[in-house]
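The values are calculated or read from the model by the stated rules, or taken from the named source; none is laboratory data. Note that the structure is predicted; figures quoted are calculated from it, not measured. Note that we place each Cβ from the backbone using ideal geometry, even for glycine, and neighbour counts take in every protein chain shown.
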Amino acid sequence: MASQEIETLASALARLPGLGPRSARRAVLWLVKRREQALPQLLDALEAVRDTLVECEICGNVDTRNPCAICADPRRDAKAICVVEEVADLWALDRSRLFTGTYHVLGGRLSALDGVRPEDLNIAALLARVEQGGVDEVVLAMNATLEGQTTAHYIAERLEDFPLRITQLAHGLPVGGELDYLDEGTLAQALRARRPLG
Ligand SMILES: [Zn+2]
C-alpha cells in the first residue's frame, strides 16, 4: 500500500488521456527513481505552463501569447483558414509545415451521442472571422470519423453563402483516423491533395 501522497499523484496522472491507473503508477515509480533529475524538470515545465499558457482569442490555439504565434505571424496567409477539431490536430498539421495559412480550433466535434451541439463548439467565432471578409479558402480538416465528417458538413452548410472555396483533406486518411495519430508524411499528402467538399 503506497503512501497517501503517492496515491494522490498516481490518481492525478491517471486522469491524463492515454494513461490508465496502471501506467500512472509506473510513471510515479519512474519519477521517484529519478527524483533528482527528472522531477525538478517536470515541476519547472508544469509551472511554466500554468503561468504562461493562454488560449488564442482568434483561433483557439493554446500558446504562451495571445494572439498566438501563428495568428501573429505576418508571413501566414490570413486568406486561408484550416478548421480542426482539437488543438492537438492543429499542432499535428502545423508540424507538416505544408499549410501556410491560419487555423481555427472548434474544441470538439458534433456528437448526438455525447450531446455536443453546434453552440458548444467554437463555430460562431469561425463565422465571425469569415464575415469580416478577406478569407478565400476554408479547409475542413476534421478527423475521418463519422462525427468528424458530420461536423465538416455542418460547417460547410453554414459557410455556403460566403464567396469562398471550401475544401477538405483528401481521403487517403484512414477511415476512423484521428489526425493527431498520423505521421507527418500522410498528413502532408492529405493536405496537399485537398479537394472541394462534395
Ligand atoms: Zn491564434
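In the range 90-104, how many are surrounded by 14 or more Cβ atoms within 10 Å (Cβ to Cβ) and out of contact with any strand residue (DSSP E or B) (no Cβ under 6 Å at 6 or more places or on another chain)? Steps first, please.
Quick first cut of the range 90-104, residues surrounded by 14 or more Cβ atoms within 10 Å (Cβ to Cβ) only: 90-94, 96, 98-99, 101-104.
Then keep just the ones that are out of contact with any strand residue (DSSP E or B) (no Cβ under 6 Å at 6 or more places or on another chain); that gives 91-94, 96, 98.
Here the count works out to 6.
When you look at Ile58, is it within 11 Å of the ligand (Cβ to nearest atom), touching a residue at least 24 places away in the same chain (Cβ under 8 Å) and part of a strand (DSSP E or B), yes or no? Quick ask: steps written out before the conclusion?
On the way: within 11 Å of the ligand (Cβ to nearest atom): yes; touching a residue at least 24 places away in the same chain (Cβ under 8 Å): yes; part of a strand (DSSP E or B): no.
It is false that Ile58 is within 11 Å of the ligand (Cβ to nearest atom), touching a residue at least 24 places away in the same chain (Cβ under 8 Å) and part of a strand (DSSP E or B).
Flag set for Arg65, criterion: within 14 Å of the ligand (Cβ to nearest atom), modelled with pLDDT under 95 and either touching a Ser or Thr at 6+ places or on another chain (Cβ under 6 Å) or farther than 22 Å from Arg192 by Cα (or both).
Could you tell me whether the range 114-124 includes any residue that is closer than 19 Å to Leu187 by Cα, hydrophobic (A, V, I, L, M, F, W, C) and more than 13 Å from the ligand (Cβ to nearest atom)? Quick ask: steps written out before the conclusion?
Our first condition is that a residue be closer than 19 Å to Leu187 by Cα; within the range 114-124, this holds for none.
Checked against the condition, which is being closer than 19 Å to Leu187 by Cα, hydrophobic (A, V, I, L, M, F, W, C) and more than 13 Å from the ligand (Cβ to nearest atom), the range 114-124 yields no hits at all.
So is Asp73 within 16 Å of the ligand (Cβ to nearest atom), more than 28 Å from Ala10 (Cα to Cα), among the acidic types (Asp, Glu) and modelled with pLDDT of 95 or more or not? Yes: the conditions hold for Asp73.
Of the residues making up the range 49-85, those that are in contact with a Gly (Cβ under 8 Å, 6 or more places away or on another chain) and either surrounded by fewer than 16 Cβ atoms within 10 Å (Cβ to Cβ) or under 14 Å from Leu126 (Cα atoms) (or both) are Gly60, Asp77, Ala78, Lys79, Ala80, Ile81, Cys82, Glu85.
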